[in-house]
């Protein structure tokens with residue numbers, strides 16, 4: 001059972017117990033303040049947002065699913081340098097792939113951002129595509145889905161990857177379809193699931209370990225989603241703190257419909273921790 | 001085990017045995033000859049196509065999943081007359097809804113056919129939406145998906161419907177994502193499946209029965225897909241004939257990976273039946 005935090009003493013004890021704090025952003029640090037809410041963002045985009053909010057953070061302290069995807073493609077998939085990634089996603093993914101030296105196509109290419117009819121007869125597939133990567137894409141359309149489907153069906157050994165599996169994401173005005181929805185038509189057409197790289201998968205934690213020295217026993221993951229953030233912490237052997245400012249509601253963690261994913265700690269909002277400094 | 005037809009005698013016996021013949025179109029009568037291939041078409045659109053191909057057919061002999069969906073909404077769902085359907089689909093669906101006197105929005109409305117960013121804050125939902133209907137939509141986009149998701153999440157008792165569940169469809173140049181893929185992001189975001197109205201569901205057969213008097217024991221369904229056409233015939237107590245000019249390949253019906261759906265008869269192409277007239 002999760003420990004409910006409410007007193008200053010409890011918050012102080014928590015801060016004493018853990019040296020390294022990992023924070024999910026959307027639903028924890030902010031809600032729907034992005035220009036394109038829920039987009040899979042690059043570390044530079046997050047850094048700009050932190051700056052605007054007056055939060056001190058270095059790019060090396062920021063880890064996103066777009067970054068983790070680029071690292072996964074180069075170090076786990078080990079995509080050959082002459083191969084390319086077809087992107088069903090936005091500029092944040094492209095930026096991280098570019099930084100990692102991975103060639104890509106699709107994405108924000110104007111030729112693929114169209115609602116015009118698509119015919120395989122008018123198109124020449126790129127013979128070098130070796131992976132399809134799906135992330136949140138508010139410009140998703142039938143041309144992109146058709147090209148991605150064609151590569152996954154016909155390109156030899158083409159990897160099917162997703163930045164993360166979020167089914168929805170919270171905006172200031174309500175829920176919208178999440179990044180996991182973008183690859184759903186391809187799942188359905190192919191009858192198989194992508195490898196998901198973001199939370200709760202361990203790839204992101206591997207990326208963090210590669211850059212920072214920390215003791216998992218004194219590290220805590222703070223998040224608003226049980227099936228991604230909290231599972232991510234648990235899978236990595238970290239402590240977990242659930243906040244209720246995002247996706248998860250009280251009824252998801254108590255009562256007859258409570259999830260089987262139980263965080264170590266629960267508090268209403270990350271803002272509660274400020275009480276120890278007042 | 002399916003009977004393989006090959007001799008003139010076998011084809012003649014088949015034609016003698018069945019008085020009523022139901023034909024799937026895409027993959028059976030034609031392949032990818034449509035302007036927008038695979039679109040969920042209205043009966044009038046099919047009629048125009050039959051005329052072009054020189055095939056005699058009356059509109060009353062044509063049944064499509066768009067028509068069946070409209071009939072389903074008015075006679076099974078019994079959507080109140082002051083309620084509307086939000087359409088993630090194209091003009092064929094709109095035409096059938098209009099003929100059935102069902103109010104709708106979305107669909108081909110230019111306001112919903114855009115790749116511009118979508119925010120719930122800039123949009124007023126229509127309080128009269130009582131159903132979301134998804135069909136093949138080559139203009140599918142994030143705005144349509146977001147609005148449909150919002151209605152399904154918040155409109156009281158909102159029905160989640162799909163014209164059919166085809167995962168892919170065959171064009172002259174290869175496979176593209178099918179109608180079933182269009183609602184897949186909504187399935188994923190909601191964690192629930194739509195009611196699918198087209199084959200293999202029985203709604204279309206009920207529509208046919210309402211217009212034509214036929215003896216199921218002397219009726220045969222001809223199709224190219226095991227999980228839709230052949231299952232549709234079997235569910236309706238009809239005989240079934242599989243042709244191999246569309247989705248299903250020889251390896252799907254014989255050998256170690258053969259499907260458990262077994263048609264009564266198999267022949268290479270519907271053209272084989274012409275041999276009895278030569």
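A few comments on the model shown:
- Any hit, segment B:140-153, residues being facing chain A (nearest Cβ under 9 Å), surrounded by fewer than 24 Cβ atoms within 10 Å (Cβ to Cβ) and outside any helix (DSSP H, G or I): yes
- Within this structure, residue A:115 fails the test of being in contact with a strand residue (DSSP E or B) (Cβ under 7 Å, 6 or more places away or on another chain) and either at pLDDT 95 or above or surrounded by fewer than 21 Cβ atoms within 10 Å (Cβ to Cβ) (or both).
- Criterion: free of Cβ contacts under 8 Å to residues at least 40 places away in the same chain and crowded, with 20+ Cβ neighbours inside 10 Å - qualifying residue of A:174, A:255, A:236: A:236
- Scan of segment A:51-74 for residues that are buried (at least 18 other Cβ atoms within 10 Å of the Cβ) and assigned to a helix (DSSP H, G or I), ordered by number: A:65, A:66, A:67, A:68, A:69, A:70, A:71, A:72, A:73
- Meets criteria (touching a strand residue (DSSP E or B) at 6+ places or on another chain (Cβ under 7 Å), over 30 Å from residue B:29 (Cβ atoms), facing chain A (nearest Cβ under 7 Å) and buried (at least 24 other Cβ atoms within 10 Å of the Cβ)) for residue B:185: yes
- Test: residue in segment A:190-204 that is within 18 Å of residue A:237 (Cβ to Cβ), more than 14 Å from chain B (Cβ to nearest Cβ), in contact with a strand residue (DSSP E or B) (Cβ under 7 Å, 6 or more places away or on another chain) and surrounded by 23 or more Cβ atoms within 10 Å (Cβ to Cβ): no
- Some residue of segment B:265-273 being touching a residue at least 12 places away in the same chain (Cβ under 8 Å), at positive phi and in contact with a helix residue (DSSP H, G or I) (Cβ under 6 Å, 6 or more places away or on another chain): no
- Some residue of segment A:75-82 being in contact with a strand residue (DSSP E or B) (Cβ under 7 Å, 6 or more places away or on another chain), surrounded by 14 or more Cβ atoms within 10 Å (Cβ to Cβ), more than 17 Å from residue A:211 (Cβ to Cβ) and in the same structural domain as residue A:170 (by TED's automatic domain parsing): yes
- Test: residue in segment A:219-237 that is at pLDDT 95 or above, in contact with a helix residue (DSSP H, G or I) (Cβ under 6 Å, 6 or more places away or on another chain) and within 14 Å of chain B (Cβ to nearest Cβ): no
- Within segment A:154-182, being part of a helix (DSSP H, G or I) and more than 9 Å from chain B (Cβ to nearest Cβ) holds for one residue alone: A:179.
- Candidates A:50, A:23, filtered to the one that is on the phi < 0 side of the Ramachandran plot and in contact (Cβ under 8 Å) with a residue 60 or more places away in the chain: A:23
- Residue identified as within 25 Å of residue A:133 (Cβ to Cβ) and modelled with pLDDT of 95 or more among A:39, A:103, A:68: A:103
- Test for residue B:151: is it in contact (Cβ under 8 Å) with a residue 12 or more places away in the chain and more than 23 Å from residue B:76 (Cα to Cα): no
- Single residue of B:109, B:128, B:137, B:82 found to be over 23 Å from residue B:188 (Cα atoms) and within 14 Å of chain A (Cβ to nearest Cβ): B:109
The values are calculated or read from the model by the stated rules, or taken from the named source; none is laboratory data. In this text the structure is predicted, and so the values were computed from the model without any measurement. Using ideal geometry, Cβ is built from the backbone for each residue, glycine included, and neighbour counts are taken over all protein chains shown.
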